[in-house]
Amino acid sequence: MKIDLHIHSRDCSDGKMKLKDIFPEARKRNIGLISICDHDAVACQGTAMALAAEYGIHYLSGVELNIRFSHSDYREGKSVSLDVLGYGFDIQNRTLTEKTRQLQDYRNLRAKKILENINEELLKEKRAPMTDDDIVAIEESVDGAFGRPHIANYLVEKGLVATRQEAFDRYLVKCNVPKLPLSLEEAAELIHGAGGKLMLAHPNDPNGTSLASLTASIPEQLDIIKSAMLRHLDGLECFHSRLTRETTTQYVSFAREHGLLVTGGSDCHQQPVIMGTVAVPDFVAEQFGITMA
């Protein structure tokens, strides 16, 4: 049986598949333990738990939270974006549900501000700006969290750019609006307050929100965790679709040395469907009291 503790859905995040389609696919792929970790959202956890039970799959409540983090020794102390994963929390916890609802509301407001910035760029280029009808069309394409990927897709559909990458390179990076700031300390309080465990997500991902944005050196990354993050974390995501074997080996060793939990998953957004393709060992489930059949 396989383990995948990092999957995103269309219902509450930026995945391409709805929960009702994820679970039969997971069953087909022989996934025995799963967690849906939607961005800043826990509203779909009840549905995910029910579907997991229906398909005979062990389930661990999950969420991916975006945080701002800085270290005085890197980037002149300027903050970077990182992700953390919360597992095993009470999905009814009021503080967590209210905060994630606030984060979701801000995501929608942020997306609209980004569209306003893009319109300013279009006017500079003497191109027609997007209208309220365009905004409505983008919103209608969103089932989960409204974010830059949805805007990129629409810019391609409208013919303003040829590809999603061009959308980011030409508009979305320049026109970005900061996310609602959440610190590591705040994320830890939210997850621990709900009875869960907090992990640093994909810590050396070269293409995502990770410590690689501070330094490419794994020993330096581990030193950052030890000196500035360890007291807030319960574990590390050591197995991930964009982590090398070298990263996994060094991070697992560090986790064992410091008594941390180890987790792993594909980070599947269904572009393409890669759930269950990361080899996550059975001991990851055992840490949470789950025995894999």
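Among all positions in the range 120-140, there is no residue which is in contact (Cβ under 8 Å) with a residue 60 or more places away in the chain and outside the structural domain of Met17 (by TED's automatic domain parsing). Note on the range 56-104: residues that are at pLDDT 95 or above, surrounded by fewer than 19 Cβ atoms within 10 Å (Cβ to Cβ) and either assigned by TED's automatic domain parsing to the domain that holds Arg148 or part of a helix (DSSP H, G or I) (or both) total 4.
Among the residues of the range 141-174, those that are of a type in the set (A, V, I, L, M, F, W, C), closer than 28 Å to Ala43 by Cβ and in a loop (DSSP other than H, G, I, E, B) comprise Val142, Ala145, Phe146.
Only one residue in Thr291, Thr263, Thr249 is outside the structural domain of Tyr87 (by TED's automatic domain parsing) and either of a type outside the set (A, V, I, L, M) or touching a Ser or Thr at 6+ places or on another chain (Cβ under 7 Å) (or both), so which one is that? It is Thr291. Checking each residue in the range 253-281 for being of a type in the set (S, T, N, Q), touching a residue at least 60 places away in the same chain (Cβ under 8 Å) and under 26 Å from Asp223 (Cβ atoms) picks out only Thr263.
Per-residue answers, yes or no, for (1) buried (at least 20 other Cβ atoms within 10 Å of the Cβ); (2) closer than 16 Å to Glu64 by Cβ; (3) in contact (Cβ under 8 Å) with a residue 12 or more places away in the chain; (4) touching an Asp or Glu at 6+ places or on another chain (Cβ under 8 Å):
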position	(1), (2), (3), (4)
Leu184	yes, yes, yes, no
Leu198	yes, yes, yes, yes
Leu230	no, no, yes, no
Asp234	yes, yes, yes, no
His240	yes, yes, yes, yes
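The values are calculated or read from the model by the stated rules, or taken from the named source; none is laboratory data. Not measured: the values here are computed from a predicted model. Positions of Cβ are backbone-derived with ideal geometry, glycine not excepted, and every protein chain shown enters the neighbour counts.
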